[in-house]
Each structure stands twice: as structure tokens, then as C-alpha cells.
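Working notes for the structure below.
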Amino acid sequence: MNNPEALVIPAKAGTATLKRKLAKALVIPAKAGTATLKRKLAKALVIPAKAGTATPFTPLEQCIYAALETYSNVHRGSGHNSVVSTRLYEQARKTVLEYLGLPGSRYSVIFCTPLRAVKLTAQLREKDYKSVSGHDFGLAIGLTALAVKKSALPAGAPFETGGGTTRLMSKDWVLWAKGPDKFEPGTPAIINVIALAKVLQLRGKPGQEALADQGMENLSANEILYQDEFGTYTGRQLLDQLRQALIGRDMEVPTSDGSKPYINLDNSASTPTFTPVWDAFRKTMLQPEAVKKQIVEEVKCICASFLGASQSGYEVIFTSNTTEAINLAAESLGREFGPETEPVVINTLLEHSSNDLPWRMLSGGTLIRLSIDNEGSIDLNELENLLKAYNRDEQFGKKRVRLVAISGASNVLGICNDLTEISRIVHRYDARLLVDAAQLVAHREVKMEQAGIDYLAFSAHKIYAPFGTGALVTRKGLLTFNSSEMERIRLSGEENAGGIAALGKAILLVQRIGMDIITQEESALIRRALAGLSAVPGLHLYGISDPDSPAIARKTGVMVFSLKGKMANQISRELAVRSAIGTRYGCHCAHILIKHILGVSPGLEKFQRRMLSVLPNLRLPGVARVSFGLQNTGQEVDILIDSLIHLNHNLNN
């Protein structure tokens, strides 16, 4: 994935050029028919304008749609889609540098929300960076690209942490990532980044409303959000229709055995999208500001209703992703305490780094992690005993537990926590509850007010709207930002009106299907997968492994495993190259949990740290992960099992 070829095509390029560019860029290992397969891929990515006469928006629309056809989360994914998305994303950095006339040898490009751009540039001298944003071109994507001198990048811990900001971490120390990754916490707005790069290649001029007056009729917020081609469908009928409307569903990719349909089993990292969600995004992009503001306000109502949070008691603040939302909550909490109190935060061994690192950065604070059993469940008695000791019995001086920050569902073991019971215990001892719901909201019903949840953070790209938005939903009055700070936070998130519209549309579709049906479909896939995986010789499943266990009711469609004789990256790579299956491997931004389930000793952990300091590209042990989305079927699960059996057979012969 180094030195990727350009996938962002010049505006004047014809079909032949587009095909050649894509064919040259999609370099996927394949032993048979490579040239033919590349041509087929290139042909598949040529998208006609959807309606009427082409406008200046048409090339941008085509580019975004093509990127959606092969969308996946960047880095650490082995499937075709992750490879393509990563190359597009990294190529966009080069496009920004070319547009600004800066050398890549001296400058790094960092993609930021408007708020993050302000925070980062506050640490830089004006002569050490240049910037360009979607706002410069009337592009409502909430994205700024900063080209910063490499020598001027701030040292030490970044001001926002979590996600890909680390190379390796333990309970007590962190090795921070190098270059731009350190300053791009959480899943980046991949599609928005590609859109900005395309606009720069179209060579619009800053200040020019490049997307204004493009022939799209003005629509109301209700028309964009509530109307679509599947308006008469609900339940399983709607689910069946959406599976047909999955963008990229007919994509075939090259494998060592010829062209095969791509199977996306990497939904825990990021979900694909459907035509009605894309339509909401693209239509919103071309609406006047008044309509965009109406959409933003309506989606706040949609989010609140979906999450069982009354509008009188809660507020919805749009962010770029879950990571930014949790960082905001941590920054706010850190301002609450004076010298009379030392704040304590409790989380668990299950946590994604985005619900761990921000709490470590809390000034004067202490972080305590709850243990887990073999299935990933926490001990509620341990939680209550800690709260008693710190808050009721005051055994630790000025230290008080002020927050329990817990994952709604694990991105590694898939286990769902009992949030209602946790909340009951937490509030009994005068603390608050924050839920990292990134892995929860697409899979289980959430009722914030009923459960007693004080803060909840989630990302749209985990619920079929991969357009760079997320949300922090919080009880009113909990955030400590002053009015001007709060205004900057709101404006930063709400600039991405297209992404917010996509989130609203995705939520409405999920509601129309019904969370009960989604859970039933997913549970059937989980049981089928666990039964098959358990039968693969040499394969070890972590967490819940019994397909007949009643605990399946508390598990989302995430499974991690190892295979005797194979590193995790080798497993994922061979599934991709042989069977066109996209999975993910490594530590999944949950280093502490992965080391726990693999039994990594403190001594080995220290050795890994030393090795990674000397050899930064070293592959450390991890686990392979498969994860299901709305589009997945039992047949795809069977192909996965057959592929793993075949892989194991080849390993032993």
C-alpha cells in the first residue's frame, strides 16, 4: 500500500483513461486472468450520471459513488475494499500537496474537522502550515486538510487520543503513531476526504461556490429524509430490498482462483451503504443553507427518538466520529474538579482505545479497569465494591469515582453489557454513566432515558452512513464548555450536513426494518458461524463459542479467532486472496484486551515495546476478526467456513 497510483481521476479524463487508471491502481495479488479482471473492475467503477444533463457536480458524484462501491475502513484490513479505500485515502494526501504546491518530502497532510484544525494550528506557527477545506468550495463535508511541515508537528501526546493515534499501548504506557495518524483520531472521514481530493483535481478556486446552482431542484428536509424508492416496505421486505440496493453488491474482485464476488465480513470496522442513504447525502450537498440547517435539526430529532432520549432532557451534538465525541466528554469532565476532588474514571478491559486513552489524559485523574470473564462479561459486584470504596466509604482520600465509561458492545468479543443494571449501580453511588455505543446502535435497541445513560457516543459509519459524522448525546447541563466554545463545537460538526443527512436516513431505514428483526437475523448468522468455526481443525475462538449458548442473546455478530501455525495477518490475507473475503486482523484498537485474551505476559509485553521501537513495521501477534452487517447471508458464512477448512488443509499438507 506504499506509493499508491492515483485513483482520483482528472476531470477531463474519458472512459478509457478512467479504466486504465483504475486497472493500474488496483494491484491485487492474483495468479490467473489478472488483466481481464482489472478491466472488469475498471468497467464496474464507471458510473453514469444519475439524472438528466451532466453538470459540474457530475464528476464529483461519479467519484464518490465509485469510492462507495469499494468502501471499507482504511489500514489493517486485508480485503480488496480495504486495500482500495486505503490507496484512495493516501492518494488524497498527495492530491492536497499537489494542489498547494508543497513537497511531500517536507510536509504531511492531516485531515481534520474544522474544530480539530483550529486546535492543531494553535500549536503551530503560521508559516509552518497551509490549509484547504471543503467549505472553500461550498462542499458541506466538515473537512479541512492541513499540510504541516514535518519538522513542526507537535511532539508528545496529541490533544485528541484514541483510534489510530497509537502504534502500541499497554495499561500503563503508549507508543504514539508516527506522522499524520497521530493527529487523526478515530476512523477518518474516508469518503469526504476522497470528495475533497476530487474537487481539488477539478481545480475549483477557493471562494467559488463550486456546487451551487447545479440544476438540482430545491427539496425540503422531509423529502430528503423521509421519502425513498422503498417507502412501501418495512420489516424483512425492506431488508431484502436494501440488500439489493447495497452499493457495490455486484462487485467482483480478483483472486488466485479467478474473479469472485466480494464478501464483506469486516462490518465492525466500518459498514457499507445503500442507495437511499447515498441519495440523502448527494441531494443535501446541493441544497441551499436553509435546507441544510433544517436537515441538521431534523436529524437531531431522529437521533434522539432512535436512542430513547427525550429532547427536553438530552441534547445531540454532531462530531466526526465516536472518538471525537468521547474526547469532548473527557475534556468537559476534566474542567469540573477543583483541588478538593481527584476524579476517578472506571472502564473495563473490553474497551476500544477511544474509550481508554481520553480518560488517561484527564488532568489529575485516575483510571481503573474492571476485569472480565472468558466470555467478556464484567463483574457487577466488582463495580459496586469500587464505587462503595471510593464514593460511599471515602477510603482513598480525595479520590471520587465521577464516571463509569463502558462499551455498549465489544468490538472484539461482541459481548453486550447490561447497561440498565450498570446504570442502577453507578447512580446509586453518585457517579455518571458514559456508553461507547459505536458497536451497539446498529445491532441492539438503546433507550437512554429509561436505562439512565448520561452520555452516549456513536459513529454513522458503523450504521451504514460512511460520510464522516458521529454524535455525542448527553443530558442537558452536563457539558462545561462556555457559550462560544459550544458554538464552535456545534458549527464544526454541523458543517458536514451531507453526512448528517446520511446518518438520519440510515437510522430511519434501520427503524423501518425493526431492531428485533435485525437481532434475529444476526443471531442466526452468529450461531451458524460459531458452529462452523468450531469444526475447523486448529482454530481457536475467543469469547462465546457455543452456538447453543443462551449468551448469544447478548452477543453481536463479531467473532475473533486464531489458527494454529498462522499469524492473524496471514489468515486475513489468504481469505482475501483465495476467496475474496474481507476481514480484519491485529489488535483492533483494543490492545489491552487482545493481550489479555492471548495471555501476553508483562515480560513479553515489554519485549514487544522494545522491538516495535526498533522495527516499527514489525507485525505483532493479534487475532483475525469477522463481523456481520445487514447485507450478509448464511451462504457467505458457509463460504468463510469452507475457506478456513481449505486454508487449514493446505497448512498441514
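Tell me which of ALA553, GLN520, LEU598 sits at the most positive position along the dipole axis of segment 515-651, charges placed on C-beta atoms (Lys, Arg +1; Asp, Glu -1). Sorting the options by dipole projection puts first LEU598.
Between beta-carbons, use under 10 Å as the cut-off and find the net charge around GLY79, counting Lys and Arg +1, Asp and Glu -1. That works out to +1.
Using only alpha carbon pairs under 8 Å that are at least six residues apart, calculate the relative contact order of the chain and give it in whole percent.
17
Counting only whole DSSP H helices of the chain, the ones at least 27 Å long by C-alpha along their axis and with mean Kyte-Doolittle hydropathy no lower than -0.5 are 80-100, 515-534. Mean residue ellipticity, 222 nm, helices only, the chain: the sum of -39500 (n - 2.57) across DSSP H runs of n ≥ 4, divided by residue count and rounded to 500, is -12000 deg cm²/dmol. Of the trypsin sites (Lys or Arg not before Pro) found in segment 439-525, the ones in coil according to DSSP and having at most 16 other Cβ atoms within 10 Å of their Cβ are LYS447, LYS476.
Counted by Cβ distance under 10 Å from PRO343, the other residues give a net charge of +2, where Lys and Arg count +1 and Asp and Glu count -1.
Along the axis of the charge dipole computed for segment 283-511 (Cβ charges of +1 for Lys and Arg, -1 for Asp and Glu, origin at the Cα centre), the listed residues SER305, ALA497, LEU403 are led at the positive end by ALA497. Highest mean packing comes first when the peptides 95-108, 576-589, 422-435 are listed by Cβ atoms within 10 Å, giving 576-589, 422-435, 95-108. Partner aspartates and glutamates whose Cα lies under 12 Å from the Cα of LYS606, excluding those fewer than 8 positions away in the same chain, are identified as ASP172. Ranked for footprinting exposure by Cβ neighbours inside 10 Å, fewest first, LEU491, LEU525, LEU640 give LEU491, LEU525, LEU640. Only Lys, Arg, Asp and Glu carry charge here, each on its Cβ (+1 for the first two, -1 for the last two); on that basis segment 268-383 has a dipole of about 640 debye about its Cα centre. Working from label points 7 Å from Cα in the Cα-to-Cβ sense, the ALA122 to SER613 distance is 3.2 nm.
Selection among GLN511, LEU478, LEU419 by position relative to the dipole of segment 283-511 gives GLN511 as farthest towards the positive end (Cβ unit charges, Cα centre).
Under the shape rule built on the C-alpha gyration tensor, where the axes satisfy a ≥ b ≥ c, segment 515-651 is prolate, since a/c reaches at least 1.5 and a/b is greater than b/c. Counted by Cβ distance under 12 Å from LEU413, the other residues give a net charge of 0, where Lys and Arg count +1 and Asp and Glu count -1.
Ordered by the count of other Cβ atoms within 10 Å of each Cβ, fewest first, PHE467, PHE628, PHE561 give PHE561, PHE628, PHE467.
Residues TYR455, TYR233, arranged from fewest to most other Cβ atoms within 10 angstrom of their Cβ, appear as TYR233, TYR455.
Applying D = kT/(6 pi eta Rh) to the chain, where Rh is the Kirkwood radius over alpha-carbon pairs, T corresponds to 20 °C and eta to 1.002 mPa s, the Stokes-Einstein value obtained is 85 µm²/s.
Using a cut-off of 29 Å between Cα atoms, the listed pairs LYS198/LYS283; LYS119/LYS198; LYS293/LYS476; LYS150/LYS595; LYS462/LYS595; LYS127/LYS178 include LYS150/LYS595 as exceeding that distance. List every residue whose amide H lies under 5 Å from the amide H of VAL316, counting only residues 5 or more places away in sequence or on a different chain, with H placed 1.01 Å from N in the peptide plane. For VAL316, no residues qualify. 3J(HN,Hα) along segment 621-631, derived from phi through the Karplus expression 6.51 cos²θ - 1.76 cosθ + 1.60 where θ = phi - 60°, amounts to x, x, 10, 8, 9, 10, 8, 9, x, 4, 7 Hz, with x in place of Gly and Pro.
For the chain, a crude dipole built from +1 on the beta carbon of Lys and Arg and -1 on the beta carbon of Asp and Glu, taken about the Cα centre, is about 2400 debye to the nearest 20. Under a 5 Å amide H cut-off, with hydrogens placed 1.01 Å from N, TYR107 pairs with LYS150 among residues at least 5 apart or on other chains.
What does the highest-first list of 316-323, 109-116 look like by mean Cβ count within 10 Å?
Top of the packing list down: 316-323, 109-116.
Each residue of segment 171-176 was assigned a 3J(HN,Hα) from its phi angle through the Karplus expression (A = 6.51, B = -1.76, C = 1.60, θ = phi - 60°), giving 5, 10, 9, 9, 9, 6 Hz with x at Gly and Pro.
Excluding residues on the same chain fewer than 8 positions from LYS182, give the aspartates and glutamates whose Cα lies under 14 Å from its Cα. Answer for LYS182, where 14 Å is the Cα cut-off: GLU160, GLU324, listed by chain and number. The calculated FRET efficiency for the pair HIS540 and SER371, based on their C-beta separation and a Förster distance of 22 Å, comes to about 0.55.
Of the trypsin sites (Lys or Arg not before Pro) in segment 366-415, which ones lie in a loop per DSSP and count no more than 16 other C-beta atoms within 10 Å?
For trypsin sites (Lys or Arg not before Pro) across segment 366-415 that sit outside H, G, I, E and B with at most 16 neighbouring Cβ atoms in 10 Å, the list reads LYS398.
Sorting the segments 632-639, 190-197, 327-334, 414-421 by their residues' average number of neighbouring beta-carbon atoms within 10 angstrom, most packed first, yields 190-197, 327-334, 414-421, 632-639.
Multiplying the residue separation of GLU289 and HIS427 by 0.36 nm and removing their Cα-Cα distance gives an extension gain of 45.5 nm.
Each reported figure results from applying straightforward, stated rules to the coordinates on display, with no laboratory input. Model, not experiment: these values are computed from the prediction. Virtual Cβ from ideal backbone geometry, glycine too; neighbours counted across all protein chains shown.
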